[in-house]
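Visitor: Mind looking over this structure? Questions follow.
The values are calculated or read from the model by the stated rules, or taken from the named source; none is laboratory data. Predicted, not measured: the structure shown is a model, and the values here were computed from it. Reconstructed Cβ throughout: ideal geometry from the backbone, glycine too, with neighbour counts over all protein chains shown. Heavy atoms of the whole protein, side chains included, go into the accessibility calculation; ligands, DNA and RNA do not. Shrake-Rupley method; radii C 1.70, N 1.55, O 1.52, S 1.80 Å.
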Amino acid sequence: MESIRQLYKIGNGPSSSHTMGPRKAAMRFVEKTGSEASRFEVVLYGSLAATGKGHLTDKAILEVLLPVAPADIVWKPDKVLPFHTNGMTFKSFDSNGNILDEWTVYSVGGGDIVEEGQSRTVGQSIYPLTKIKDILKYCEERGLSYWEYVEQCEGHAIWDYLHEVWEVMKAAVVRGIEAEGVLPGGLGVRRKAVSYYVHAEGYNKSLKSRGLVYAYALAVSEENASGGLIVTAPTCGSCGIVPAVLYHLHTSKGFSEKRILRALATAGLFGNVVKFNASVSGAEVGCQGEVGVACAMAAAAASQLFGGTVAQIEYSAEMGLEHHLGLTCDPVCGLVQIPCIERNAYAAARALDANLYAAFSDGRHSVDFDRIVEVMKQTGHDIPSLYKETALGGLAVIK
């Protein structure tokens, strides 16, 4: 299992699989081809082609290729390559029209790209344990917290990276709360974060707390939808959930930055386990792999902050994911706006509920986190492609 640096990626939205991944692939292909190309052609397949325009896939690719040579995008939404639905083939041509190079690659979620047959682990494997039940047992036997296990595997330098991640998350919240107007894309969706933030101030303590969580999640998600700088947690489409919970607890409960970074490490560990054993790609397993996993991560982080045992933290995360099982990915017009933005706000609140529920327990429960990850993976494979980031079913076709 690779570093949580590969889970928490800093970049511009609106989609980790449809924007970050294709941009990275284009950069790799240019490096590979060099300056010899007179023309490029990029064929997009499956989900990338079906919702690529709404996710700015073509823009992300062309921004890299056009400074080198002219480029064409070919859209093939009805053709799905066997390895993964987010397939793309890059071709370069010389001045006589002869092919110089051809490369097929897949954007598998969270901004990662792999070639067919490659392991989904794109970085160096540094975690010897890849199941939460094994990590939990290891920590209990040694009196460790999850964040201490992360530090053991990652080294002390991980805290510098998580500090950078936290700074970007906070900045996205602040920018999003101040921003107003209509989000790009043509749906006419107005930013709501500022309204929720203002309204929250007028309520009593309990309702104010919930309203602020909504506002923070909306703020980051709206920044993502407008192409702003965010952190994948674990994806762009679910990037508002972890920051909302942590920012709220940091500002309202006074948790120090050191403790917030430890909570980020714990959240990252749970997200990493899902990414390694299943998927965080909406195009592969639906929104349960994005919003569901983010809710689990945020629940684990909250439980960590409130002093939960390793068993209670695991229980919090398990509930965060379990109660999002089967959630479809059906973005209207292929944009990361409806229903994605509201789902971030709702899931942030559910993460805090999961923490509270687990805190009343002793941490013992019937179905463990790893089993839920297995079920999520199988459920994702069973969900028809209409409901996996193709914009061909569900809410995406409601007029």
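Visitor: If you scan region 366-376, which residues turn out to be open to solvent by 80 Å² or more (accessible area, probe 1.4 Å) and touching a residue at least 40 places away in the same chain (Cβ under 8 Å)?
Guide: To start, the set of residues in region 366-376 that are open to solvent by 80 Å² or more (accessible area, probe 1.4 Å) comprises 366, 371, 374.
Across region 366-376, the qualifying residue is only GLU374.
Visitor: Just to be sure, is GLY188 of a type in the set (Gly, Ala, Ser) and within 30 Å of THR130 (Cβ to Cβ)? Show your work before the answer.
Guide: Working: of a type in the set (Gly, Ala, Ser): yes; within 30 Å of THR130 (Cβ to Cβ): no.
No.
Visitor: Give GLU115, GLU154 a once-over and let me know the one that is modelled with pLDDT of 95 or more, acidic (Asp, Glu) and closer than 29 Å to VAL285 by Cα.
Guide: Result of the check over GLU115, GLU154: GLU154.
Visitor: Something else about it: Suppose the filter is part of a helix (DSSP H, G or I), within 26 Å of SER125 (Cβ to Cβ) and not aromatic (Phe, Trp, Tyr); does ALA301 pass it?
Guide: yes
Visitor: If you don't mind, there's one more thing I want to ask. Conditions first: (1) touching a helix residue (DSSP H, G or I) at 6+ places or on another chain (Cβ under 7 Å); (2) farther than 29 Å from GLY334 by Cβ; (3) open to solvent by 10 Å² or more (accessible area, probe 1.4 Å). GLY363 passes all but one, so which condition is the exception?
Guide: With respect to (1) touching a helix residue (DSSP H, G or I) at 6+ places or on another chain (Cβ under 7 Å); (2) farther than 29 Å from GLY334 by Cβ; (3) open to solvent by 10 Å² or more (accessible area, probe 1.4 Å), GLY363 is out only on (3).
Visitor: Which one is nearest to the chain's Cα centre (by Cα), of the residues in region 226-260 that are open to solvent by 10 Å² or more (accessible area, probe 1.4 Å) and either of a type in the set (S, T, N, Q) or over 25 Å from GLU148 (Cβ atoms) (or both)?
Guide: GLY237
Visitor: May I pose another question? Taking only pairs six or more apart or across chains, which ones have beta-carbon atoms under 8 Å, a first residue in region 182-194 that is over 15 Å from LYS53 (Cα atoms), and a second residue that is open to solvent by 40 Å² or more (accessible area, probe 1.4 Å) and among the hydrophobic types (A, V, I, L, M, F, W, C)?
Guide: GLY188/VAL182; VAL189/VAL182; VAL189/ILE338; ARG190/VAL182; ARG191/VAL182
Visitor: Still on this structure, I have one more. Out of ALA171, ALA179, ALA217, ALA193, which single residue is within 23 Å of the chain's Cα centre (by Cα), closer than 24 Å to GLU314 by Cβ and of a type in the set (Gly, Ala, Ser)? Write out each step before concluding.
Guide: Values: ALA171 fails: closer than 24 Å to GLU314 by Cβ; ALA179 fails: closer than 24 Å to GLU314 by Cβ; ALA193 fails: closer than 24 Å to GLU314 by Cβ.
Answer to the check: ALA217.
Visitor: Then there's this: When the residues of region 330-339 are filtered to those that are under 14 Å from ALA283 (Cα atoms) and either assigned to a helix (DSSP H, G or I) or β-branched (Val, Ile, Thr) (or both), which remaining residue is nearest to the chain's Cα centre (by Cα)?
Guide: Across region 330-339, the extreme among qualifying residues is VAL336.
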